[in-house]
Amino acid sequence: MRRPRLSYRPSRARAALLAAVAAAALTVTAVLVAPTSSAGPTTVTTTAGRDLPVTQPTLTCAQLAAQDFSRLDGAATSITAATVVAKSATNKYEYCKVTGVVAPQIHFELRLPTQTYRGRYLQLGCGGYCGNVNVTTSPAATAGCAPLTDGTFVVGQDDEGHTGTGGADVWATDPQLKVDFGYRSEHVVAVASKAIVKSFYGARPAYSYYSGCSDGGREALLEAQRHPDDFDGIQAGAPAFNQTALNGFEEAYLGTVDFRADGSVILPAAKLDMLHAAVIAKCADEGIGNGTIQDPDACDFDPAALRCPDDEDAANCLTGEQVTVVQKIYRGVTAPDGTHLYSGGEAKGSEPQWAGLVIPKDGQTQQDLFMYRIGSGFLRWLGTWTAKPQLELTADLFTKRSFEKTMKEFAGIYDATDPDLTPFYKSGGKLIMWHGLADGYIPPTGSIAYRQAVLDTVGSATADRFYRFYTVPGMFHCSGGYGATSVDFLSPLMDWTESDKAPGAVTAAKLDSDGSAAYTRPVYPYPQQVKYAGTGDKDNAANYVAYTPKGKTADDAFRWAGAPFKSGTQLWCESTNGRDMSCTRRRSKS
């Protein structure tokens, strides 16, 4: 497989493609009005966003299946099936289920309500390395968002251009599939979906949204950065935005730290509860009162405090060797000279998620660890132009030379690190980013550093008009955890996008086993934290107020080998024969 040629002068074909894409974007943004239908609108009050009319389809589901979408600019699409799914006890509304393919092989599914559509389109991101389509009405951080479950939205998702089990493998040897996974899939599926919506209802969506977490959060930021006109509102959770360094260095490295040269385990998973209890005892924030940490970076817990007397291993302490493992996990991947090769290490408070990710559960080997599998998958398949299926994770991979080479070749395809969101702001877009502070998969420090880069680039006053970032204490990766983690960021995003109601505090709940709220806490935009107001029920979010700790308005940039985040690093690639790629390095199409 030949390495793609990096050309810095767009070809005539590339220029024509750019013109076509720009024309398509203008078409999308020109129709941001409430749709109508021959059956006439019926105003329905929703719990978020504007009151939009219910719009009836102008085609049947069967008629939609016969429509030709093969001439969409840059997004040649075919519908493989379109069938009606009836309302039932498990399905709250009737919809036309459409499955299709955007060339060459990006599979997608759309659910188009037949009786309850109110002019909104929601595209969902995927997770891991994707490879499947899993449309849901309960994506991350949308708990209780009624418009999502009552048929307000057309909802869609795609597989990012390949079928797999969640790991990077042989599909990634194809450069076109690298590009489709890297950045192309979400844009072309958005183009195809909006065309299908227009065909079915007679008008494009009044409002288009994107919601994703993890890799889906990366996809969300890619859309804001590369195609600022695609979506009006974007929700990006725990984004794997710094993906090349995350998968190829941080996660690959964390897959190696708990093993001796002979493959034996150093720190057993059985000690993680004890370690976590010590961290919480040292750093839990009394102001929030639920055993969570509002600022893991300020936690000065030292695992050496748990050192076993005379270094004799016991269940309630750590040997010196185990202390070193914990310190490595908190620090994250570094080069031999100490330079960080990723924007942060595992957060203090994330220890319960380490089992099976970084620390093997009973009976697991190194090859079973999530971090080992996703890291080795990237280095063997995605982060190389020549597949290396036998590559092992050894210390010589984690050097500045290796880092610089990998970042130069692949960050421009996979990463969503451009901090200049000015085009997205000028298009009228709104962006809510969020990250769980006990996330064991993706360190929240990276998202905090990206926020700082956005503020440094566009200015805090401008950022305040379109950008919010929230951190959720005690939340694991995308959902769950030991704090108040059931939260809805989609409803405030809709209110902001459609009614210009800027979001402030969002209420998060800790749920009991029956789904009821054990207690609630407010979550304020970063860097604000929460403390008890002094009176009232401590289980009620209404009795907590915001405050900003001293020093939290300081620079949150993270010093690492890839800093600072900057614009102009994206690669835009095209193929003349389906495999060999010609790539141009430049900023977004706008």
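Per the conditions (1) within 30 Å of Trp572 (Cβ to Cβ); (2) loosely packed, with under 15 Cβ neighbours inside 10 Å; (3) not small (Gly, Ala, Ser), the sole criterion not satisfied by Gln105 is (2).
For every residue, the table says whether it meets (1) surrounded by fewer than 21 Cβ atoms within 10 Å (Cβ to Cβ); (2) in the same structural domain as Gly182 (by TED's automatic domain parsing); (3) closer than 18 Å to Phe565 by Cβ.
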site: Gly383; (1), (2), (3): no, no, no
site: Phe403; (1), (2), (3): no, no, yes
site: Ala453; (1), (2), (3): no, yes, yes
site: Thr457; (1), (2), (3): yes, yes, yes
site: Ser460; (1), (2), (3): yes, yes, yes
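Within the set Glu286, Glu223, the sole residue that is among the acidic types (Asp, Glu), modelled with pLDDT under 95 and either within 27 Å of the chain's Cα centre (by Cα) or surrounded by fewer than 24 Cβ atoms within 10 Å (Cβ to Cβ) (or both) turns out to be Glu286.
A quick yes/no check of all residues on (1) over 31 Å from the mean Cα position of the chain (by Cα); (2) modelled with pLDDT under 95:
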{"site": "Val54", "(1), (2)": "no, no"}
{"site": "Cys61", "(1), (2)": "yes, no"}
{"site": "Leu64", "(1), (2)": "yes, no"}
{"site": "Gln67", "(1), (2)": "yes, no"}
{"site": "Ser70", "(1), (2)": "no, no"}
{"site": "Asn91", "(1), (2)": "no, yes"}
{"site": "Phe108", "(1), (2)": "no, no"}
{"site": "Pro113", "(1), (2)": "no, no"}
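When Asp500 is tested against (1) farther than 20 Å from Thr292 by Cα; (2) surrounded by 14 or more Cβ atoms within 10 Å (Cβ to Cβ); (3) out of contact with any strand residue (DSSP E or B) (no Cβ under 7 Å at 6 or more places or on another chain); (4) not small (Gly, Ala, Ser), only condition (2) is not met.
Just one of the listed residues (Tyr519, Tyr524) is among the hydroxyl-bearing types (Ser, Thr, Tyr) and either modelled with pLDDT under 95 or closer than 21 Å to Pro444 by Cα (or both), and it is Tyr524. When region 272-292 is filtered for residues that are touching a residue at least 12 places away in the same chain (Cβ under 8 Å) and either of a type in the set (D, E, K, R) or within 21 Å of Val358 (Cα to Cα) (or both), the ones remaining, listed by number, are Leu272, Asp273, Met274, Leu275, His276, Ala278, Val279, Ile280, Lys282, Asp285. Within region 234-271, the residues that satisfy the criterion of being within 30 Å of Phe410 (Cα to Cα) and either free of Cβ contacts under 8 Å to residues at least 24 places away in the same chain or assigned to a loop (DSSP other than H, G, I, E, B) (or both) are Ala238, Pro239, Ala240, Phe241, Asn242, Gly255, Thr256, Val257, Asp258. The residue list Gly320, Gly338, Gly363 contains one member that is at pLDDT below 95, more than 30 Å from Asp537 (Cα to Cα) and over 27 Å from the mean Cα position of the chain (by Cα), which is Gly363. Scanning for something farther than 30 Å from Leu421 by Cα and in contact with a Ser or Thr (Cβ under 9 Å, 6 or more places away or on another chain), does region 488-510 turn up at least one residue? Looking through region 488-510, at least one residue is farther than 30 Å from Leu421 by Cα and in contact with a Ser or Thr (Cβ under 9 Å, 6 or more places away or on another chain). Going by the conditions given, is Val84 closer than 25 Å to Ala509 by Cα and of a type in the set (A, V, I, L, M)? When the stated conditions are applied, Val84 does not pass them. Part of a loop (DSSP other than H, G, I, E, B) and more than 27 Å from Pro175 (Cβ to Cβ), is that true of Leu357? Judged against the criteria, Leu357 is a match.
How about region 422-440: which of its residues are farther than 16 Å from Asp295 by Cα, touching a helix residue (DSSP H, G or I) at 6+ places or on another chain (Cβ under 8 Å) and either of a type in the set (D, E, K, R) or crowded, with 24+ Cβ neighbours inside 10 Å (or both)? Residues satisfying the conditions are Phe424, Lys430, Leu431, Ile432, Met433.
The values are calculated or read from the model by the stated rules, or taken from the named source; none is laboratory data. Predicted model only: the values in this text are computed from it and were never measured. Counting neighbours? That spans all protein chains shown, and the Cβs are built from the backbone with ideal geometry, glycine included.
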